[in-house]
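Q: Encoded as structure tokens, here's the structure I'll be asking about.
The values are calculated or read from the model by the stated rules, or taken from the named source; none is laboratory data. Everything numeric here is computed off the predicted structure, so don't read it as measured data. No Cβ is skipped: glycine too gets one built from the backbone with ideal geometry, and neighbour counts run over all protein chains shown.
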Protein chains: 2
Amino acid sequence: MISKILVAVDGSSHAEKAFEYASYMAKKCGSKLLIAHVLEEFVGVGHSILKELEQRDIELLQKYKSRAKESAASISIDVIESRGNDVAEEILRIADKQKVDTIVVGDRGIKASKEFLMGSVSYKVTHYAKCPVIIVR
Amino acid sequence: MISKILVAVDGSSHAEKAFEYASYMAKKCGSKLLIAHVLEEFVGVGHSILKELEQRDIELLQKYKSRAKESAASISIDVIESRGNDVAEEILRIADKQKVDTIVVGDRGIKASKEFLMGSVSYKVTHYAKCPVIIVR
């Protein structure tokens, strides 16, 4: 049983693909879908800017929630807005806390000559997650 | 649409988990399931031993095919027996040739002190696949 799927979104095209994959899977498997966003905290960023970014991210999550609901009205959907200076660690922490069965992340990797280099967040989540991880690219 | 899922098996407990995940997904998503095994070729291994190993692997694949068929009678299942000196490269080659939507691999990783080290096959498949990859552990 895949009863709880966590997908991490950040407004990028990679995350968009991960969201589409995760919501399709949740629909087909009848899983609960958790859509999470982690606001990366940088040293020196003022409180008012952080508040503004947070508001933008809450709107992003609500947009994703509406889309997931539209495509799969029957599934249960939750959004999680979080903050941290290490996005991957925060995703792993949420996955543990929420006891999810699968984590879905988009890969921001780049093609460098013949080699493909994975993005740092997907790399770290893949390496340290205790549950299955889906890397979408 | 996830219409074709490739799962790599090798008789290990990690591959067993990957198989269970992949067959569950195929059942739920109505995907075709390809079960592949790559016989790792070592220099100096004689022809008769290779033949014996190949026979054992064909039996392993047939066993998996029967199990997948039992749990999801409606889905289409195929097995692929292959050889190569680089298992990950061979899995990637099969994925390309068969135009699969998702690759599922078990992770033979080990926990070294506080760090988790991914197995070399799952590591390479994750890095170089052109489609989504599911790492099951």
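Q: Looking for something over 28 Å from A:Ser31 (Cα atoms), touching a residue at least 12 places away in the same chain (Cβ under 8 Å), within 14 Å of chain A (Cβ to nearest Cβ) and exposed (fewer than 15 other Cβ atoms within 10 Å of the Cβ) - is there at least one such residue anywhere in region B:34-48?
A: Scanning region B:34-48 turns up no residue that is over 28 Å from A:Ser31 (Cα atoms), touching a residue at least 12 places away in the same chain (Cβ under 8 Å), within 14 Å of chain A (Cβ to nearest Cβ) and exposed (fewer than 15 other Cβ atoms within 10 Å of the Cβ).
Q: All but one of (1) exposed (fewer than 14 other Cβ atoms within 10 Å of the Cβ); (2) at pLDDT 95 or above hold for B:Ile91; which doesn't?
A: (1)
Q: With (1) within 14 Å of B:Val104 (Cα to Cα); (2) part of a helix (DSSP H, G or I) as the list, and B:Val7 as the residue in question, which single condition is left unmet?
A: The failed condition is (2).
Q: Same structure again: Out of B:Ala129, B:Ala68, which single residue is more than 14 Å from chain A (Cβ to nearest Cβ), crowded, with 19+ Cβ neighbours inside 10 Å, under 29 Å from B:Met1 (Cα atoms) and not charged (D, E, K, R)?
A: On inspection, the qualifying residue turns out to be B:Ala68.
Q: If you check A:Val105 against the conditions, is it buried (at least 20 other Cβ atoms within 10 Å of the Cβ) and not in a strand (DSSP E or B)?
A: No, not satisfied.
Q: Another one. If you take the residues of region A:1-17 that are touching a Ser or Thr at 6+ places or on another chain (Cβ under 9 Å) and within 9 Å of another protein chain (Cβ to nearest Cβ), which of them is modelled with the lowest pLDDT?
A: A:Met1
Q: Next question, about the same structure. Quick one: count up the residues across region B:67-91 that are assigned to a loop (DSSP other than H, G, I, E, B), in contact with a Lys or Arg (Cβ under 7 Å, 6 or more places away or on another chain) and either more than 13 Å from B:Lys32 (Cβ to Cβ) or of a type in the set (A, V, I, L, M) (or both).
A: Counting residues in region B:67-91 that are assigned to a loop (DSSP other than H, G, I, E, B), in contact with a Lys or Arg (Cβ under 7 Å, 6 or more places away or on another chain) and either more than 13 Å from B:Lys32 (Cβ to Cβ) or of a type in the set (A, V, I, L, M) (or both) gives 2.
Q: Restrict the check to region A:25-47 and report whether at least one residue is of a type in the set (S, T, N, Q) and not in a helix (DSSP H, G or I).
A: yes
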